[in-house]
Amino acid sequence: MDTSNADDTPTTRPRYVLPPPPTASGLLFANAPEPKLYWDRSHYDSPDAQIAALKRSSTLYVGNLAFSTRSRHLRAAFKTVGPVEAVHVGLDRFRKIPCGFAFVKYRRRADALRSISLLTGTKLDGKVIRVELDAGFKPGRQYGRGTSGGQVRDDRRRTVDPSRRRSGEGV
């Protein structure tokens, strides 16, 4: 193979370096506007206090769960990334049954951050889940804040997602 050109200077092929493949969360939010901070007014005095807690947190908020998802399902999925310290499944404030969200606390912050990129957009119990860093679980945060006792987003729905319906509810 000739590696020289007409004036006897060696030629090399240009080497292309490909960027790393995109993560599921990167693709999911690729066209999203600047993310807004949800300020949990009932547990943090100010947005700055919540941001400070986020900077040291190893807790995740997991959203869009099926109502049938239990803590053992979450623990099994999230321990694939690292040791899980605690799982708190969100409950309907009135009925005390799961309502589609949870908090997962890792022993190490690095595992929590990796989970965001590895598990956001994956399916758990048939639902595509959302995984976000959370400022930390505090008692009382496991209850839904909607007027019906569940999540606010379920109060606003115009259609019923069968996998988010509570057992015994009609269509």
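The values are calculated or read from the model by the stated rules, or taken from the named source; none is laboratory data. These numbers were taken from a predicted model, which means no experiment stands behind them. Neighbour counts are summed over all protein chains in view; Cβ atoms, including those assigned to glycine, are modelled from backbone coordinates with ideal geometry. What goes into the accessible areas is simple: the full protein's heavy atoms, side chains included, and nothing from ligands, DNA or RNA. Shrake-Rupley method; radii C 1.70, N 1.55, O 1.52, S 1.80 Å.
Remarks
- The set of residues in the stretch 51-78 being farther than 22 Å from Ser117 by Cβ and touching a Phe, Trp or Tyr at 6+ places or on another chain (Cβ under 8 Å) is empty.
- Pairs are defined by a Cβ separation below 8 Å, a sequence spacing of at least 6 or placement on different chains, a first member in the stretch 68-90 that is assigned to a loop (DSSP other than H, G, I, E, B), and a second member that is among the polar types (S, T, N, Q) and open to solvent by less than 30 Å² (accessible area, probe 1.4 Å); the pairs so defined are Val81/Ser115; Gly82/Ser115.
- For the stretch 40-50, a residue qualifies if it is open to solvent by less than 70 Å² (accessible area, probe 1.4 Å) and either closer than 17 Å to Phe137 by Cβ or of a type in the set (Asp, Glu) (or both), and the qualifying residues are Asp40, His43, Tyr44, Ala49, Gln50.
- Top-ranked residue in the stretch 51-97 [being in contact with a strand residue (DSSP E or B) (Cβ under 9 Å, 6 or more places away or on another chain) and among the β-branched types (Val, Ile, Thr); ranked as most open to solvent (accessible area, probe 1.4 Å)]: Ile97
- Screening Ile116 with (1) surrounded by 13 or more Cβ atoms within 10 Å (Cβ to Cβ); (2) among the β-branched types (Val, Ile, Thr); (3) in a loop (DSSP other than H, G, I, E, B) gives one miss only, at (3).
- All positions within the stretch 57-74 that are among the β-branched types (Val, Ile, Thr) and touching a Gly at 6+ places or on another chain (Cβ under 6 Å): Thr59
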